[in-house]
1. Would you mind calculating the relative contact order of segment A:136-234 from Cα pairs under 8 angstrom and at least 6 residues apart, reporting the percent as a whole number?
2. Just tell me how shielded B:152-164 is by partners: mean number of partner chain Cβ atoms within 10 Å of each residue's Cβ, no decimals.
3. Can you tell me which of B:57-63, A:63-69 comes out highest on packing, and rank the rest after it, using the mean Cβ neighbours within 10 Å?
4. From other protein chains only, count the Cβ atoms within 10 Å of every residue's Cβ in B:191-203, then give the mean.
5. Spin-label point model (7 Å from Cα, Cβ direction): what's the B:Arg79 to A:Phe40 distance in nm?
6. What length, rounded to one decimal in nm, is gained on full extension from B:Ser231 through to B:Glu251, with 0.36 nm per residue of separation minus their alpha-carbon distance?
7. Between A:Val144 and B:Asp196, what is the spin-label point distance in nm, taking each point 7 Å from the Cα along the Cα→C-beta axis?
8. Would you compute, from DSSP H runs of 4+ residues alone, the mean residue ellipticity of chain B at 222 nm, taking -39500 (n - 2.57) per run and dividing by the full residue count, rounded to the nearest 500?
Amino acid sequence: MAINRVEGGIFTVMVIGVGDPHDPALPQAIGEQVRRSPDFFADAPVVLDLKDTLSCTSVADFVALKTVLRRLRLIPVGVQNASAPQLRAALAVDLAPFPSLGGRRAAPRGDTKANGVGVATRLVTRPVRSGTQIYAKDGDLVVVAPVSAGAELVADGNVHVYGALRGRAIAGARGDGDARIFAQRLEAELLAIAGHYLVNEAIPTEHLKRPAQVALVDDRLQILPGFEFEPGRA
Amino acid sequence: MGKVIVVTSGKGGVGKTTTAAAMATGLALRGHKTVVIDFDVGLRNLDLVMGCERRVVFDFINVINGDAKLNQALIRDKRIDKLYVFPTSQTRDKDALKREGVDRVMDELRAEFDYIVCDSPAGIEHGALSALYHADQAVIVTNPEISSVRDSDRIIGILASKSRRAERNEPPVAEHLLLTRYSPERVARGEMLSVDDVKEILSVRILGIIPESESVLRASNTGTPVILDPSSPAGRAYEDAVARFLGEQRELRFAKAERKRFFRALFGRAQ
């Protein structure tokens, strides 16, 4: 006798707005709600809403969040409104993606990248002078000329500079922690990815005036010399 | 139709007025009908450098306001045929450079002259913007030190975004870099940026290198454009720059400390 072992079910699940996961007031705020009706909350499944959360791109972030919630006798089962890097980290700790309700988040983040089509890529072929700001919305910024000190490149995706990068470069301006910065000659005043930054003084001198790429690894900017692929590196 | 050349820099005191006077004189010497205009309203240095300060009746602002005709305000140079000076007012400020008035004057000048050389005030405010707005070509005057280079970079960016050519989506303003007050000895001692350093930072073609020279101060004090002094290295360097500006190929002089290199070569061989 064939039994259909997989079937659909509709449940009501509580959604917790995470906001800033490092906010020390977060456990207390949730804890207060739980204390008001402890039976209702006991071992209840919850979905984490990351709508207003920019960090939470690493596994460590989610492990910390899960520990806090377990201590309050809540069982996180999934995430909502996660960006691509957030979702990757969430899946790694067994949190499932849940659809967002009412489409509160407009254009899903990382969509241009997922499509693999550089529709929003912005190409700049003339030197970017001091005092100029260039923004590539929803995509990559590619500059095939030098970028002067005092100039600023901003992209929601990656920043590529085929020339000297002497100004500021900001990649993942809307929180994409997977965005990178590539420079043929790294002399930047400031490097930033998804809100994490490095000023010129903090760039190790061995990377200066050389080709390099910059990536966000465990919430820290890491500078990798050159563009060549090396097995095992970030 | 005349060509408008702006002499600009962002930073003050780098040699804009000296350059504007020398370039205009050099162009006129080569037979082009040229006028040099002082956009530095309120300071008025150009007529001093050109040695015509005692012949000023009407000025740029009078013509902008319609109080005088262009031909009443233009001062004809006594030494060089085809050279005219258009002085500015010392009693007004940069706000007197009204857009429509400047537009009208520039149109009139384009019809009458081969070259219109605009001596820009320092800074990136209204005066400097008015001076560069009509430019077809720009001579960016830079000293071999980092703050001057940075300001030049900024002004090149403004040329590319706020000039009339940029607004109308026409071919961009042609940029020429003139490195002034250059001292190869000080470059060798590491006290100054080298030509190559500056070229690398700014990525603009070099129109000329003007060596640091006492003759520049002497020239401006006597009201004689330095290009008229054949004994002056700076004068000869300006002559080269004008030739290059007009498309001639000339070797870049004054970039190296010749004697020192000679000695270094000797020591190098001895080792």
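1. Working: 277 pairs, mean separation 19.1, N = 99.
Dividing the mean separation by the residue count of segment A:136-234 yields 19 percent.
2. Taking all residues of B:152-164 together, the mean is 4.
3. On the way: B:57-63: 20.3, A:63-69: 15.9.
Descending packing order for the listed peptides: B:57-63, A:63-69.
4. Details: counts 0, 0, 0, 0, 0, 0, 0, 0, 0, 3, 6, 5, 8.
Mean inter-chain Cβ contacts per residue within 10 Å come to 2.
5. Here the answer is 9.3 nm between the modelled labels.
6. Numbers: separation 20, 0.36 × 20 = 7.20 nm, distance 1.89 nm.
So the extension gain works out to 5.3 nm.
7. 2.7
8. Values: 13 runs with 118 residues, N = 271.
For chain B, the value works out to -12500 deg cm²/dmol.
Throughout, read-outs are computed from the coordinates displayed, never taken from laboratory work. Keep in mind it's a predicted model, so treat the numbers as computed, not measured. Reconstructed Cβ throughout: ideal geometry from the backbone, glycine too, with neighbour counts over all protein chains shown.
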